[in-house]
Each structure stands twice: as structure tokens, then as C-alpha cells.
Amino acid sequence: MKFMTDANLGSLTKWLRILGYDTVYWRGNADRIFLAKAQKDNRIVLTRKRELVKRQFSGRLLLLKTDLAKNQLQEVLTEFSLRPDPGRMFTICLKCNALLADLEKDAALGLVPAYIFSHYSRFRICPVCGSVYWPGSHKDRARDFLLRLEQEN
Ligand SMILES: [Zn+2]
């Protein structure tokens, strides 16, 4: 399941990527071109723009009802009956939506802060922007966040 988010949904985009869902973030206007691109790439459109619903569009579109990313994520998970798979979390670059590749510890030397290098043994790298990821604090935060979402259901 692939998504395309409009420019108002930066936080939601990040969360979908954390969960491992391929999500293109559209920085331009949420217009006909945006819809055409989503349809061509077979992506589900996520938007807060009510007027988009009225446009002629044969693809799938979810009009989000809430403003907070946390609630929006819940809307998406519920609407499409998605159960986040921990094994897929942190497999996508949060910045550019590319699939991350494993990075040998030795290769991470100099690419991450020294204390990170000495504390972690598993790293991943984005082949597009070169960002390096490791199972750090934001991963724990994300796990807590998801756990809370599940408990609220
Ligand atoms: Zn990247």
C-alpha cells in the first residue's frame, strides 16, 4: 500500500515512513497534477483539502478529518485496516522515501557521531541522500507512540 500526501501533511508523512509505508510527500499545490501523479503511481491520496473530493478522480482518496498527525495516522490505519509490522519499521528514509540499505559498522565510521558509533552496531543508509540511521532514541519514542495508539483502540 503506497500513499501520497499533500503539503499540509509533513508530520503524517514522517510517521507513515517510520512505519515503513512508501509515502510520497507532494510539496506543490494539491491540484489536478497532484491527483494525476497519484493515480499514475497507484498511490492512495491523503489530504485535508475537502475540495479535492469534488474533483474527477478515479483513484483512491482519503479525506482526513483531524489536524494532529497522531490522529491522522490513526485515521489511515483504521480506514485501510493496517496493522503496523515492527519488522518494516525504519526501512524507509524519513527525508526522501527511499528504501534504506544495511551499512556495515566499519562503513559508518565518520558518518555518525563518535558516541553513536561506539554504542551501536547496526546502521542503515539512504542510497539517495546518504542519511545514516541507527536504532536510537527516536526508535524507542516511536515504539512507545505506536503502543499508545494500539491501547487507545
Ligand atoms: Zn534519504
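Each reported figure results from applying straightforward, stated rules to the coordinates on display, with no laboratory input. Remember, predicted model here, so these are calculated numbers, not experimental data. Glycine gets a Cβ as well: all are built from the backbone with ideal geometry, and neighbour counts include every protein chain shown.
Note on region 1-96: dipole from Cβ charges, positive end direction compared against G10, Q56, F90; the farthest Cα belongs to Q56. Rounded to a whole number of µm²/s, how large is the Stokes-Einstein D of the chain at 10 °C and 1.306 mPa s, given Rh as the Kirkwood radius over C-alpha pairs? After rounding, the answer is 95 µm²/s. Normalised by the number of residues in region 66-136, the average gap of Cα pairs under 8 Å and 6 or more apart makes the relative contact order 25 percent.
If a/c stays under 1.5 just call it rounded; otherwise compare a/b with b/c (prolate if a/b is bigger, oblate if not). Do that for region 3-87, with a ≥ b ≥ c from the square roots of the Cα gyration tensor eigenvalues. Note, shape of region 3-87 comes out prolate. Cross-link pairs exceeding 20 Å in C-alpha to C-alpha distance, out of K2/K40; K14/K105; K2/K37; K49/K70, comprise K14/K105.
Under the criterion of Cα pairs below 8 Å and six or more residues apart, the relative contact order for the chain equals 20 percent. Picking from V24, V76, V53, which is most flexible by a Gaussian network model of the chain using Cα springs under 10 Å? Of the options given, V53 has the highest mean-square fluctuation.
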